[in-house]
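Input: a single structure, listed below in structure tokens.
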């Protein structure tokens, strides 16, 4: 669930822009204040959908235009980290606008205790990276505590 916290302002001044998986308000009045900082970088952070079944956890990363050789998947200390770089094609074109994000990224997710780190699979097809992590049937997260 995404929460929006907006001050009461004149709606003509409000511009919504994406910012790493959420939307934040951006006032035109702040345009020149933010002009020289890094907020206008063309960063790339892939969107991810996470789902769970009785048998596994599934991660679907949207990585259009990327080859599997540009991606890295690592599990360390209970964290899944997917990193890579989306490179812009060098050309002699004179771009007027580039809306696609480019650059290096790294996304990390803390995994629950009931996973089997030896049973992980990853597939890359049609711009989607699918990672499946099997649950460990011997480990149970749910603990019942008796009240004395």
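The values are calculated or read from the model by the stated rules, or taken from the named source; none is laboratory data. What you are looking at is a predicted structure, and each value in this text was computed from that prediction instead of being measured. Every residue, glycine as well, gets a Cβ built from its backbone with ideal geometry; the counts of neighbours run over all protein chains shown.
Values for this structure:
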| item | result |
| --- | --- |
| Flag if residue 121 is touching a strand residue (DSSP E or B) at 6+ places or on another chain (Cβ under 8 Å), farther than 15 Å from residue 68 by Cβ and modelled with pLDDT of 90 or more | no |
| Count of segment 64-99 residues which are in a strand (DSSP E or B) and either within 17 Å of the chain's Cα centre (by Cα) or outside the structural domain of residue 120 (by TED's automatic domain parsing) (or both) | 13 |
| Residue match in segment 103-112 (condition: farther than 15 Å from residue 44 by Cα, at pLDDT below 90 and out of contact with any strand residue (DSSP E or B) (no Cβ under 7 Å at 6 or more places or on another chain)) | yes |
| Every residue from segment 100-148 that is outside any strand (DSSP E or B) and surrounded by 14 or more Cβ atoms within 10 Å (Cβ to Cβ) | 101, 102, 111, 114, 136 |
| Single residue of segment 56-78 satisfying the filter (within 23 Å of residue 118 (Cα to Cα) and surrounded by fewer than 11 Cβ atoms within 10 Å (Cβ to Cβ)) that is modelled with the highest pLDDT | 69 |
